[in-house]
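Participant: I'd like to ask some things about the structure below.
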Amino acid sequence: MKHLTKWSPDTCGCKLVYETDDEHPELDTKAVETIKACPFHEGLDIGKHFDTVLEENQRKNRFEGMIHKNVPEVIDTKIIEGKEVKHMKDMYQYKWSFDADRNLVVDVKDFPKTAIKKIQDLTKDQKIALQNS
Ligand SMILES: [Zn+2]
């Protein structure tokens, strides 16, 4: 069966509708309608629009996943319903945004220096800019 999902990513102001097919999960998710295009993404055709917004959203999510995996000094672990769940320590909550060139800008200035160095190495060439001053 085909399903339509309305999606507003937390990485920009776009609103899109995409289609998935649970009888054919091997088929790629396909964008079918643009409800709203934010100023950064207006004018793109629908396929390109969806791919671009999705890539930015995944890049932002991947950033935190990468920290969870590789930078234990800023991570705490909680047990929720028997499962280990990692999250940023309260003192290392960070702000992120996208600049005009759609680089993910992450404010890590309060992180320990060792953590910032690790994150710099991990995020090289991934359109991720660290703000640490
Ligand atoms: Zn957008």
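The values are calculated or read from the model by the stated rules, or taken from the named source; none is laboratory data. Note that the structure is predicted; figures quoted are calculated from it, not measured. Here Cβ is always computed from backbone atoms with ideal geometry, including for glycine, and neighbour counts include all displayed protein chains.
Participant: Can you work out which of the residues in the stretch 55-68 that are within 16 Å of the ligand (Cβ to nearest atom) and in contact (Cβ under 8 Å) with a residue 40 or more places away in the chain is farthest from the chain's Cα centre (by Cα)?
Facilitator: The qualifying residue farthest from the chain's Cα centre (by Cα) is GLU56.
Participant: Here is a further query. Out of ASP99, ASP107, I need the residue that is among the acidic types (Asp, Glu), touching a Lys or Arg at 6+ places or on another chain (Cβ under 8 Å) and farther than 30 Å from MET1 by Cα. Which one?
Facilitator: Going through ASP99, ASP107 in turn, just one is among the acidic types (Asp, Glu), touching a Lys or Arg at 6+ places or on another chain (Cβ under 8 Å) and farther than 30 Å from MET1 by Cα: ASP107.
Participant: Shifting gears a bit: Does ILE75 fit the bill of being away from the ligand (no atom under 16 Å from the Cβ) and touching a helix residue (DSSP H, G or I) at 6+ places or on another chain (Cβ under 8 Å)?
Facilitator: For ILE75, the condition - away from the ligand (no atom under 16 Å from the Cβ) and touching a helix residue (DSSP H, G or I) at 6+ places or on another chain (Cβ under 8 Å) - is met.
Participant: Given LYS118, LYS60, which one is surrounded by 13 or more Cβ atoms within 10 Å (Cβ to Cβ) and either closer than 13 Å to THR11 by Cβ or in contact with a Cys (Cβ under 9 Å, 6 or more places away or on another chain) (or both)?
Facilitator: On the way: LYS118 fails: either closer than 13 Å to THR11 by Cβ or in contact with a Cys (Cβ under 9 Å, 6 or more places away or on another chain) (or both).
Of LYS118, LYS60, the one residue that is surrounded by 13 or more Cβ atoms within 10 Å (Cβ to Cβ) and either closer than 13 Å to THR11 by Cβ or in contact with a Cys (Cβ under 9 Å, 6 or more places away or on another chain) (or both) is LYS60.
Participant: Search the stretch 28-51 for residues being crowded, with 16+ Cβ neighbours inside 10 Å and free of Cβ contacts under 8 Å to residues at least 40 places away in the same chain, and hand back the single one that is nearest to the ligand (Cβ to nearest atom).
Facilitator: Checking each candidate, the answer is HIS41.
Participant: What strands (runs of 3 or more DSSP E), lying completely within the stretch 59-133, carry at least 2 residues that are aliphatic (A, V, I, L, M)?
Facilitator: 75-80, 83-88, 104-107, 128-131
Participant: Taking the criterion of being away from the ligand (no atom under 16 Å from the Cβ), more than 23 Å from ASP121 (Cα to Cα), surrounded by 11 or more Cβ atoms within 10 Å (Cβ to Cβ) and without any contact (Cβ under 8 Å) to a residue 12 or more places away in the chain, would at least one residue in the stretch 9-20 satisfy it?
Facilitator: Scanning the stretch 9-20, I find no residue that is away from the ligand (no atom under 16 Å from the Cβ), more than 23 Å from ASP121 (Cα to Cα), surrounded by 11 or more Cβ atoms within 10 Å (Cβ to Cβ) and without any contact (Cβ under 8 Å) to a residue 12 or more places away in the chain, so the answer is no.
Participant: When the residues of the stretch 1-45 are narrowed to those that are in a loop (DSSP other than H, G, I, E, B) and of a type in the set (Val, Ile, Thr), which ends up farthest from SER97 (Cα to Cα)? Before the answer, list the steps.
Facilitator: Residues of the stretch 1-45 that are in a loop (DSSP other than H, G, I, E, B), as a first pass: 1, 8-14, 22-29, 37-45.
Among the residues that remain, those that are also of a type in the set (Val, Ile, Thr) are: 11, 29.
Working: THR11: 8, THR29: 26 Å.
It comes out as THR29.
Participant: Follow-up question, since we're still on this one. State which residue pairs qualify: first residue closer than 13 Å to ARG59 by Cβ and inside the stretch 99-123, second residue assigned to a loop (DSSP other than H, G, I, E, B) in any location, beta carbons under 6 Å apart, and separation of 6 or more residues or different chains.
Facilitator: ASN103/LYS127; VAL105/ASP99; VAL106/TYR94
Participant: Just the residues that are at pLDDT 95 or above and aliphatic (A, V, I, L, M), please, taken from the stretch 92-107.
Facilitator: Within the stretch 92-107, LEU104, VAL105, VAL106 qualify.
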